[in-house]
Amino acid sequence: FHEIDGLITNTPGLALVTFYADCVPLYFVDTKNKAIGLSHSGWRGTVGKIGKKTVASMKEEFGTSPKDIVALIGPSICVDCYEVSEDVANEFYNIFTKDQCRDILYKKENNKYQLDLWKANYYILLNAGIPAENIHTSGVCTACNHELLFSHRASKGMRGSLAAFLTIKNNID
């Protein structure tokens, strides 16, 4: 599928796959209804609250309750490596509270900002109803670990991708 940033399923053995180049992979596992979701959340997807939309789609399709979801904010660019312009920062100021923005954005003297996509997605997942203890962050930065993981920023725009995979195991008797 092209131009799709989120996938959900409850079919065992069907692998969900999404691609990244510093953006945030969001993994969702409904432990009660045996359903999963996988979403691509760059800055635009984060502003668009793709994580919350994924939870809503899982609820609609599979009866998922957010309290039954375990979520992972996967390897992606960290706040120390992710500098954005003021127009991008303003998109975050428009959708997050002032207190949240103090955690998400750090203004620099050059009128640029450091953006914390991990924290922004954490707030979105909390707002979607996922309990804090069910939200985990990998803490692995693609740019800091560019020897192991592809990073668009660290490679200065050379093309490449990372992929996230998630599936429900088939029952083994």
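Quick check on my filter: what residues within the stretch 75-91 are open to solvent by less than 10 Å² (accessible area, probe 1.4 Å) and under 17 Å from His40 (Cα atoms)?
Ser76, Ile77
Do the conditions hold for Glu3, that is, is it acidic (Asp, Glu), within 21 Å of Tyr123 (Cα to Cα) and open to solvent by 10 Å² or more (accessible area, probe 1.4 Å)? Please lay out each step first, then the result.
Numbers: acidic (Asp, Glu): yes; within 21 Å of Tyr123 (Cα to Cα): no; open to solvent by 10 Å² or more (accessible area, probe 1.4 Å): yes.
Judged against the criteria, Glu3 is not a match.
Can you find a residue that is without any contact (Cβ under 8 Å) to a residue 40 or more places away in the chain, surrounded by fewer than 17 Cβ atoms within 10 Å (Cβ to Cβ), β-branched (Val, Ile, Thr) and within 26 Å of Ala143 (Cβ to Cβ) anywhere in the stretch 28-46?
Within the stretch 28-46 (the criterion being without any contact (Cβ under 8 Å) to a residue 40 or more places away in the chain, surrounded by fewer than 17 Cβ atoms within 10 Å (Cβ to Cβ), β-branched (Val, Ile, Thr) and within 26 Å of Ala143 (Cβ to Cβ)), the answer is no, since none of the residues qualifies.
Suppose we filter the stretch 91-135 for residues that are touching a residue at least 40 places away in the same chain (Cβ under 8 Å) and not in a helix (DSSP H, G or I); how many remain?
Qualifying residue count for the region: 6.
Among (1) touching a helix residue (DSSP H, G or I) at 6+ places or on another chain (Cβ under 8 Å); (2) of a type in the set (Gly, Ala, Ser); (3) farther than 20 Å from Asn127 by Cα, which single condition is Ala21 missing?
Among (1) touching a helix residue (DSSP H, G or I) at 6+ places or on another chain (Cβ under 8 Å); (2) of a type in the set (Gly, Ala, Ser); (3) farther than 20 Å from Asn127 by Cα, the lone unmet condition for Ala21 is (1).
Does any residue of the stretch 97-112 turn out to be of a type in the set (A, V, I, L, M, F, W, C) and more than 26 Å from His146 (Cα to Cα)?
Within the stretch 97-112, one or more residues are of a type in the set (A, V, I, L, M, F, W, C) and more than 26 Å from His146 (Cα to Cα).
Scan the stretch 109-125 for residues that are open to solvent by 60 Å² or more (accessible area, probe 1.4 Å), at pLDDT 95 or above and out of contact with any strand residue (DSSP E or B) (no Cβ under 7 Å at 6 or more places or on another chain) and jot them down.
Across the stretch 109-125, the qualifying residue is only Lys119.
Read through the list (1) under 21 Å from Glu133 (Cβ atoms); (2) buried (at least 18 other Cβ atoms within 10 Å of the Cβ), then give the number of the only condition that Ser65 fails.
Looking at each condition in turn, Ser65 falls short on (2).
Would you mention how many residues in the stretch 92-108 are of a type in the set (S, T, N, Q) and open to solvent by 90 Å² or more (accessible area, probe 1.4 Å)? So that I can check it myself, show each step before the final result.
Initially, the stretch 92-108 is screened for residues of a type in the set (S, T, N, Q), giving 94, 97, 100.
Filter again for open to solvent by 90 Å² or more (accessible area, probe 1.4 Å), leaving 94.
Result for the stretch 92-108: 1.
Which condition number does Arg102 fail, the rest of (1) at pLDDT 95 or above; (2) more than 17 Å from the chain's Cα centre (by Cα); (3) under 18 Å from Cys23 (Cβ atoms) being met?
Result: Arg102 fails condition (3) only.
The values are calculated or read from the model by the stated rules, or taken from the named source; none is laboratory data. Keep in mind the model is a prediction, meaning the values are calculated, not measured. Virtual Cβ from ideal backbone geometry, glycine too; neighbours counted across all protein chains shown. SASA here: full protein model, heavy atoms, side chains in, ligands and nucleic acids out. Shrake-Rupley method; radii C 1.70, N 1.55, O 1.52, S 1.80 Å.
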